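First the structure, in the form of structure tokens, and then the observations on it.
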Amino acid sequence: MTTPPKARRDNNHHDGRSAPVVLDDISKRIIEELQEDGRKPYAAIGKAVGLSEAAVRQRVQRLLDTGVMQIVAVTDPLTLGFPRQAMIGIKCEGDLETVADNLSSIAEIDYVVLTAGSLDIMVEVVCEGDSHLLEILGKIRAIPTVRATETFVYLKLRKQTYSWGTR
């Protein structure tokens, strides 16, 4: 789950109340082509889906503008000097949205999700080491309505993919 902070949008519009965007088969194929290679030229995508380069460019721009997809560089935190990654489960009182907003403002947190179950919120962090993780935990625990945290340190990443497609 480790992607750059801007690689994931604020997904408030995906709260189950908004109607999903309906994609035709060609738009779905364009997305699949870009999931294979985000740098694939529009002309090559056009050949694969039966459209001109200009038509592909317009469709890609519409998919970006509507928030259906993003094109980002996914990095490997280990090679960039961030050897400690963790998921932190948080139990809170009160308004979860306010806590989520506070958590979202912490630079090292790249993923914030409200959950059902024994934990209220899960966040993902990418750190320079254990002391950095401890510092981030201190920031999280300083939020007034946070009651408890549970940290799940990543020992080894076995699979990371963003190719769930368009089904």
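The values are calculated or read from the model by the stated rules, or taken from the named source; none is laboratory data. If you're wondering where the values come from, they're calculated on a predicted model, not measured in any experiment. Cβ atoms come from the backbone with ideal geometry, glycine included; neighbour counts cover every protein chain shown. Surface accessibility is based on the protein's heavy atoms, side chains included, excluding ligands, DNA and RNA. Shrake-Rupley method; radii C 1.70, N 1.55, O 1.52, S 1.80 Å.
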Give the residues of segment 33-61 that are at negative phi and either in contact (Cβ under 8 Å) with a residue 24 or more places away in the chain or among the acidic types (Asp, Glu) (or both), sorted by residue number. 33, 34, 35, 36, 37, 38, 51, 53, 56, 59, 60
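Residues to consider are 111, 162; find the one that is aromatic (Phe, Trp, Tyr) and outside the structural domain of residue 82 (by the TED database).
162 is the lone residue from the list that is aromatic (Phe, Trp, Tyr) and outside the structural domain of residue 82 (by the TED database).
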Cβ-Cβ below 8 Å, separation at least six or inter-chain, first residue in segment 97-122 and over 17 Å from residue 145 (Cα atoms), second basic (Lys, Arg): which pairs? 110/8; 111/8
Test: residue in segment 116-125 that is open to solvent by 70 Å² or more (accessible area, probe 1.4 Å), closer than 19 Å to residue 135 by Cβ and not in a strand (DSSP E or B): no
Subset of segment 102-111 [modelled with pLDDT under 95 and open to solvent by 50 Å² or more (accessible area, probe 1.4 Å)]: 107, 111
Leading residue by the ranking (nearest to the chain's Cα centre (by Cα)) among those in segment 137-167 that are open to solvent by less than 70 Å² (accessible area, probe 1.4 Å) and free of Cβ contacts under 8 Å to residues at least 40 places away in the same chain: 161
